[in-house]
Amino acid sequence: MAKQAYTFGLDTFGDIAFRDDGTQMGAGESLRQVVKEAQLADALGIDLIALGEHHRSEFAISSPEIVLGAMAQATSNIRLGTAVTVLSSDDPVRVFERFSTLHALSNGREEIMLGRGSFTESFPLYGFDMENYDGLFEEKIAMWAELLKGKPMNWEGKFTQKLTETTVYPQLPAGETIATTVGVGGSPESIIRAVYYGFPVVIAIIGGEPTRFRPYVDLYHQAAKQFDKPDLPLGMHAHGIILDDAAEATEVGWQYIKAEMDRIGIDRGWAPMSRDRFEFEIDKGSYYVGTPEQVAQKIAKNMKALDMSRFDLVYGTGGQLEHQRLATIRNYGERVIPRVKELLGGGAHD
């Protein structure tokens, strides 16, 4: 592969945060807090901040593009993305309009990550049948790829509207596009689909040993060669907490990450997380919890093992106290990212 610059981002689902006195913020204050955190990340030179889309009580962000628009006015350099936009339960035309608007507001710093949705509350909320889970995404990502061409649309599908020589506004400037990636949870079909449309992939590695995802990385490269498609750089995202004291980071993670995973597990039939399992995830699994040096060593090790060009740290899981969230961001930008680059041998790789 040609040399590719490494990218380091932050992801948040907009978890309702806690003030330092332990009282919980409301949704509005949590949203304003995320904008402040984007400003800090921008000042630290972090490459990207990406927001999840959720429609449930523990998360404040149901309309990430609006929050990204606020961030666009409060920041200068950081790229502004989603992780993910649940395209299956949305209208690709409206999504394009929102992101072309964000393109203008941010001077081209926007990035969309498309996904099928591991959280599915948006489907009944917007009137979509879960029986069409796969078909909805397949058709809508195809429509999205057509919209990116910037030409008048001729389109007719099973789950989408018919368009005849339709121009979608605001149009992007000539030669510009909306940076698009696909978020993947571990489905070979999702990898193949992303390759087919020429989109890079970010793999959500939120549990277990990261190296078990190596076959998906290899599949992407093999499919790109087979389909004569661009062999694009791949990325990963995972949960983390970075504090100066390892024991404190572990206890914060046990309090907040465990609580969030147990809430999710109620819907998905998971058993509550044991302490042994939690500590396994820190030691050998997919949680990046500890001191800056510990986290940097683990990120570099897994990026090398998986041939990844991008790493996104999911911060603030479960809410967390304001100073804990800010400490993770500051340590990530000031100490972890430079150290990972050093461990990887610079800012680019072959």
What is the angle, in °, between the Cα long axis of helix 133-147 and the longest principal axis of the Cα atoms in the chain? Nearest 10 is fine, range 0 to 90.
70 degrees
Which of 261, 233, 249 sits farthest toward the positive end of the charge dipole of the stretch 212-307, with +1 on the Cβ of Lys and Arg and -1 on the Cβ of Asp and Glu?
233
Size of electric dipole in the stretch 187-312: Cβ of Lys, Arg +1 and of Asp, Glu -1, about Cα centre, debye, nearest 20
500 debye
Relative to the first principal axis of the alpha-carbon coordinates of the chain, what is the inclination of helix 246-268, with its axis defined by its Cα atoms, in degrees from 0 to 90 and to the nearest 10?
40 degrees
Does a label point 7 Å from the Cα of residue 209, set along Cα-to-beta-carbon, have any residues of the stretch 262-303 with amide nitrogen under 20 Å, and which are they?
274, 276-289, 295, 297-303
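First measure r as the distance between the Cβ atoms of residue 174 and residue 132, then evaluate 1/(1 + (r/R0)^6) with R0 = 25 Å and state the FRET efficiency to the nearest 0.05.
The calculated FRET efficiency here is 0.10.
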Degrees, to the nearest 10: 214-226 long Cα axis against longest axis of the chain:
30 degrees
Heavy-atom accessible area per residue of the stretch 169-322, all protein chains kept, 1.4 Å probe, expressed in Å², is 43 Å²
With R₀ set to 35 angstrom, the calculated FRET efficiency between the beta-carbons of residue 266 and residue 334, to the nearest 0.05, is 0.40
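Determine Rg/Rh for the stretch 228-346; Rg is computed over alpha-carbon atoms and Rh is the Kirkwood hydrodynamic estimate from the same atoms. The partial results should precede the final answer.
Working: Rg = 15.0 Å, Rh = 14.9 Å.
Ratio value, two decimals: 1.00.
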Can you give the calculated 222 nm mean residue ellipticity of the chain, where each DSSP H run of n ≥ 4 adds -39,500 (n - 2.57) and the sum is split over every residue, rounded to the nearest 500 deg cm²/dmol?
-13500 deg cm²/dmol
Where in the stretch 30-54 does the amide nitrogen come within less than 18 Å of the point 7 Å from the Cα of residue 73, taken along Cα to Cβ?
30-40
Packing-based order for 255-268, 25-38, 47-60, using average beta carbon neighbours within 10 Å, highest first:
47-60, 25-38, 255-268
Find the relative contact order for the chain and round it to a whole percent, using C-alpha pairs within less than 8 Å whose residues are 6+ positions apart.
21 percent
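If you roll a 1.4 Å probe over the chain with all protein chains in place, what percent of the accessible area is carbon or sulfur? Can you show the working numbers first?
Working: 7440 of 14800 Å².
Roughly 50 percent, rounded to a whole number.
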Report, for the chain, the % of DSSP beta bridges that are antiparallel, rounded to 5.
15 percent
Mind ranking 311-318, 63-70, 118-125 by how tightly packed they are, going by the mean number of other C-beta atoms within 10 angstrom, highest first?
311-318, 63-70, 118-125
Quick one: check the C-alpha center-to-center distance for the stretch 260-315 versus the stretch 17-72, whole angstrom.
21 Å
Taking the Cα of residue 221, stepping 7 Å toward and past its beta carbon, and measuring to each backbone N in the stretch 235-265: which are under 15 Å?
235
Counting Lys and Arg as +1 and Asp and Glu as -1, what is the net charge of the other residues whose Cβ lies under 13 Å from the Cβ of residue 57?
-3
Could you order the peptides 299-306, 202-209 from most to least packed, using the average number of other C-beta atoms within 10 Å per residue?
202-209, 299-306
Hey, of [x] 0.96; [y] 1.29; [z] 1.04, which did the structure itself give for Cα Rg over 2.2 N^0.38 Å when calculated?
[x]
Estimate the FRET efficiency between residue 284 and residue 39 by the formula 1/(1 + (r/R0)^6), using the beta-carbon distance for r and 22 Å for R0, to the nearest 0.05.
0.05
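To the nearest 20 debye, what is the magnitude of the charge dipole of the chain about its Cα centre, counting +1 on the Cβ of each Lys and Arg and -1 on the Cβ of each Asp and Glu? Mind showing how you got there, number by number?
Details: 35 positive and 49 negative charges, 130 e Å.
My answer is approximately 620 debye.
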Just want the answer: with Cβ charges of +1 for Lys and Arg and -1 for Asp and Glu, which residue in 271, 123, 85 is farthest toward the dipole's positive end in the chain?
85
Give the shape of the stretch 1-108 as rounded, prolate or oblate, defined through the alpha-carbon gyration tensor: a ≥ b ≥ c are the square roots of its eigenvalues, a/c under 1.5 means rounded, and otherwise the shape is prolate if a/b is larger than b/c and oblate if not.
oblate
Treating only the Cα positions of the stretch 23-77 as identical point scatterers, give the base-10 log of I(q)/I(0) from the Debye formula at each q in 0.26 Å⁻¹.
-1.07
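The values are calculated or read from the model by the stated rules, or taken from the named source; none is laboratory data. Since this is a predicted model, take the numbers as computed values, not measurements. With ideal geometry, Cβ positions are generated from the backbone for all residues, glycine too; neighbour counts draw on all protein chains shown. Surface accessibility is based on the protein's heavy atoms, side chains included, excluding ligands, DNA and RNA. Shrake-Rupley method; radii C 1.70, N 1.55, O 1.52, S 1.80 Å.
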